[in-house]
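The values are calculated or read from the model by the stated rules, or taken from the named source; none is laboratory data. Please read these numbers as outputs of a predicted model, since none were measured by experiment. Here Cβ is always computed from backbone atoms with ideal geometry, including for glycine, and neighbour counts include all displayed protein chains.
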């Protein structure tokens, strides 16, 4: 496929092995995998990459990544810093287009349409594939106007009941009961966790199909982070969630499938989350999970 200039808005300690302990047991003592994860056997593929490469000038950030991401499931991307997790996430809705040094080759499909085809409008694509960033970034507007922003920008404000749409999004982000009496107040006055849920409400207001989350809890305290994790478990009933996280325990708790990227932008393994954390096929994945490197 053709090259594209692109863009952006821009440890575990090593585990001592006990003599005679099985590899599975070692990994299970490190990570507690959620027993309630959803099966992906019958899920349709919604995002598919084939031999996807991303470069920043001459530096390769993704190396021949091939992956099929299931619909209405939570897919986690883990790996050490600089391994290409966030680059892959930004490739899905073409946020890399905003980085002048970035170029892409290979193929990346959303519902069997290559998102890098010349006839794809990146702005329209991002209406279908919303994104929540690492640090909460509400606009310096009222809570109401933050949530309504996407609908207004897309010219849909006159086509929908805006009040109902704002309430629906805030309820979807588990924030309505906390802010329903202060919708005219600034979103910047909310706590950090509330601000991140406000950003999630803003992302789901235009009714996307996929929500990309890039380290959405890393700037939050444990209580606020737990609320976001609970929210993700609810969102997946309606949306496909793809999350980048450095927190392996978080990936194990909330995801159905996990992709492990390692240095050089290589996707080393992608499987059911329980398999990744309890019985990985690649020794490098086990070494990363048990803290041998990364």
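At a glance:
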| item | result |
| --- | --- |
| Residue in region 211-220 that is surrounded by fewer than 16 Cβ atoms within 10 Å (Cβ to Cβ), in a loop (DSSP other than H, G, I, E, B) and within 16 Å of the chain's Cα centre (by Cα) present | yes |
| Qualifying positions in region 98-116 - under 18 Å from the mean Cα position of the chain (by Cα) and not in a strand (DSSP E or B) | 111, 115 |
| Residues of region 69-83 satisfying the condition of being on the phi < 0 side of the Ramachandran plot and either surrounded by fewer than 23 Cβ atoms within 10 Å (Cβ to Cβ) or in a strand (DSSP E or B) (or both) | 69, 70, 71, 73, 74, 75, 76, 77, 78, 80, 81 |
| Entirely in region 120-200, the helices (runs of 4 or more DSSP H) that have 2 or more residues that are more than 22 Å from residue 238 (Cβ to Cβ) and under 20 Å from the mean Cα position of the chain (by Cα) | 122-128 |
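Conditions tested, residue by residue: (1) in contact with a helix residue (DSSP H, G or I) (Cβ under 8 Å, 6 or more places away or on another chain); (2) at pLDDT 95 or above; (3) surrounded by fewer than 21 Cβ atoms within 10 Å (Cβ to Cβ).
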| residue | (1), (2), (3) |
| --- | --- |
| 85 | no, yes, no |
| 88 | no, yes, no |
| 96 | yes, no, no |
| 106 | no, yes, yes |
| 133 | yes, no, yes |
| 143 | yes, yes, no |
| 160 | yes, no, yes |
